[in-house]
Amino acid sequence: MASDQSDSTLAASEKRSSSIPNAEKPITEIANHAPTANEEEADIPIEGAAAASDLSPARSHSKRTTSGHRASIRRSRSYDEGYGFTSMGEYEEAPKREDEEQAPEKEFEVQWDGDNDPMNPRCMSKARKWMIVVIVSAGSTCVTCTSSMYTLTYDQITVEWHVSRVTATLGLSLFVMGLGIGPMVLGPLSEFYGRRPIYYVSFFFFLIWLIPCALSKNIATEIVARFIDGVAGSAFLSVAGGTVGDMFVRNELQAPMMIFTASPFIGPPLGPMVAGFINQYTTWRWTFYVLITWSAVMLGLIAAFVPETYHPVILRHKAVKLRKETGEEKWKAPIEVMQKSILQTIIRSCYRPFLLLTLEPMCLNLCLFSAILLGVLYLFFGAFEVVFTDNHNFELWQVGLSFSGLLVGQLLAIATNPLWHNNYLRLANNREKNGGEPGGSEPEYRLPPAIAGGLLVPAGLFWFAWTTYPSIHWIVPIIGSAVFAAGMLLVFSGIFTFLVDAYPLYAASALAANSFARSSFAAAFPLFGVQMYNKLGFQWATTLLAFLTLVMAPFPYVFFKYGRRIRGTSRFASGR
């Protein structure tokens, strides 16, 4: 899938909204290492912009600032299963003790007005919250669906523009690269200006750049428009998960996050299923007309029903209102007094992921594993057409429906989320019984889904490889692809949540590293996929991919067993 998106600790304003009825307060623990000078610049995702779909307790590492407040650096989970990340941490006021005097500047700091502040997104009605969840989830599906719908236009555009299939495939590759690059800029910007402006601007440009995709007269225009479209669409994969986290307290998060987590994964297999019928019975341009219509509807729904939900920005609006009403210029929101540079934040968001990939063996190997899997998925967009057309004489609409196995496999894997959540709680409880601190856990407890998925992935690929004979019914290799897809999703889930747990100060950069690696492989693999299948044969081409994933499969288990020891010597990872 595309990078993406998005996608479990709540972020800095979790504390502020904990006064809302039924909110669960985070369990915190003090870090066992001395604070470093770099901690103030830690790029923790905040306001839920990157957190997991499980609801385990948050850990926070705290230190005192010169003003006597506590800089809270909480472990973050990946809300959107690693599709999204943001990069800016923020200072959070520590709970006030009775023997402490109120700092003068805090007297005019704007906060929520009790349990029922109408400006607080967590005070919205449940119906409105769920409507917003459905809209942003549909937006994520629309973006990732756009990446794959294009793949079934090849037969027509190669003839119309007299280009090779490899040249046509660049439209897919560059779109996916855009999805990987865009969040490095759009994520940080959302934390200065809010979610809503980023949605407006990015989705508007996403819609606009679909128009030249539909009307282009040559492949160069198509490729350039696709790349810019990918960059614009990436906002929903880097920001939308935060919107969900902004609205729900921790004990309400699991259901909405399961919906949002599934949405970007549904897009890639859904795209060919729809595009197969379009390109079978009409011109390829209708593929983009459909996407333009869908995107226009989404933009309208966003404008009408998705408000600003990012807590620091809403508090800034509240501060502006208070200054107008009272004439007192001392009223300030926390975000207004932060010493943060937009340019520095974006630069840090761009270079730190590569630092982690270079210096951290755990990050490098796990990112490489997930990158190979996404590369294989995107390679299948070309391989399926070759396999099922040659072996089973599928028409184009039938080739599109052959991707239903991938979709079913992913949905089955998502349905196992409660099983892995319970297993995580079991491991954490066992740790506590063996002398660990109450509410604590280890990042390695996130890896069991990846261990299981690491077994399913090569099994599914071997299954698919050796059932691609004309004499074997077409449903058999499709079932094999479902096994692969289920394993792939489990690997993604385990790796994403492990990265943000193991690198609590650099969680956003770890997810950015993963997103960039996945997008790079997803862009490269389709360029040689069809040639590889024609050269090696259907069976051995897929077997080669299976062996590649088999080599990577042990890494989640190795880090589950020895990750704590490795983290103890790491420059970036938590040593706990």
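The values are calculated or read from the model by the stated rules, or taken from the named source; none is laboratory data. On a predicted model such as this, the values are computed, not experimentally measured, just so you know. Here the Cβ is made from the backbone with ideal geometry for all residues, glycine too, and neighbour counts use every protein chain on show. Note: areas computed on protein heavy atoms with side chains; ligands, DNA, RNA excluded. Shrake-Rupley method; radii C 1.70, N 1.55, O 1.52, S 1.80 Å.
A few remarks follow.
- Filtered residues of the stretch 145-197 (kept if surrounded by 22 or more Cβ atoms within 10 Å (Cβ to Cβ) and acidic (Asp, Glu)): GLU191
- Qualifying residue in the stretch 212-226 (condition: modelled with pLDDT under 90, in a helix (DSSP H, G or I) and under 24 Å from SER148 (Cβ atoms)): no
- The stretch 384-404, residues that are buried (at least 24 other Cβ atoms within 10 Å of the Cβ) and small (Gly, Ala, Ser): GLY400, SER402
- Flag for LEU545 being closer than 25 Å to GLY563 by Cβ and hydrophobic (A, V, I, L, M, F, W, C): no
- Scanning the stretch 288-320 for residues that are among the polar types (S, T, N, Q) and either more than 21 Å from the chain's Cα centre (by Cα) or closer than 30 Å to VAL337 by Cβ (or both) yields THR293, THR309.
- Residue match in the stretch 237-254 (condition: surrounded by fewer than 17 Cβ atoms within 10 Å (Cβ to Cβ) and not in a helix (DSSP H, G or I)): no
- Given (1) within 30 Å of LEU210 (Cα to Cα); (2) open to solvent by less than 60 Å² (accessible area, probe 1.4 Å), number of the condition VAL297 does not satisfy: (2)
- Members of the stretch 506-522 that are open to solvent by 10 Å² or more (accessible area, probe 1.4 Å) and touching a helix residue (DSSP H, G or I) at 6+ places or on another chain (Cβ under 6 Å): PHE516, ALA517, PHE521
- Failed item, numbered, when VAL558 is tested on (1) touching a Gly at 6+ places or on another chain (Cβ under 9 Å); (2) open to solvent by 40 Å² or more (accessible area, probe 1.4 Å); (3) over 30 Å from ASN391 (Cα atoms): (1)
- Unique match (being outside any helix (DSSP H, G or I) and either more than 16 Å from TRP112 (Cβ to Cβ) or open to solvent by less than 70 Å² (accessible area, probe 1.4 Å) (or both)) among PRO307, PRO312: PRO307
- Test: residue in the stretch 261-271 that is farther than 23 Å from LEU377 by Cα and either part of a helix (DSSP H, G or I) or open to solvent by 10 Å² or more (accessible area, probe 1.4 Å) (or both): no
- Under the condition of being hydroxyl-bearing (Ser, Thr, Tyr) and under 12 Å from the mean Cα position of the chain (by Cα), the residues counted in the stretch 488-504 number 2.
- Test result for PHE354, open to solvent by 60 Å² or more (accessible area, probe 1.4 Å) and closer than 26 Å to ARG518 by Cβ: yes
- Filter result for SER481 (at pLDDT below 90, assigned to a helix (DSSP H, G or I) and closer than 30 Å to GLU385 by Cα): no
- Evaluated against (1) within 20 Å of ASN279 (Cα to Cα); (2) in a helix (DSSP H, G or I), VAL163 falls short on exactly one condition, (2).
- The set of residues in the stretch 210-224 that are surrounded by fewer than 17 Cβ atoms within 10 Å (Cβ to Cβ) and over 14 Å from LEU174 (Cβ atoms) comprises ILE211, LEU215, LYS217, ASN218.
- Against the conditions (1) at pLDDT 90 or above; (2) assigned to a loop (DSSP other than H, G, I, E, B), SER370 satisfies every one except (2).
- Test: residue in the stretch 505-514 that is over 24 Å from ALA415 (Cα atoms), at pLDDT below 95 and more than 17 Å from the chain's Cα centre (by Cα): yes
- Only one of PRO470, PRO449 that is surrounded by 23 or more Cβ atoms within 10 Å (Cβ to Cβ) and either touching a helix residue (DSSP H, G or I) at 6+ places or on another chain (Cβ under 6 Å) or in a loop (DSSP other than H, G, I, E, B) (or both): PRO449
- Residue, surrounded by the fewest Cβ atoms within 10 Å (Cβ to Cβ), within the stretch 106-144, restricted to residues that are β-branched (Val, Ile, Thr) and modelled with pLDDT of 90 or more: VAL134
- Any hit, the stretch 533-544, residues being modelled with pLDDT of 90 or more, closer than 23 Å to PRO264 by Cα and buried (at least 23 other Cβ atoms within 10 Å of the Cβ): no
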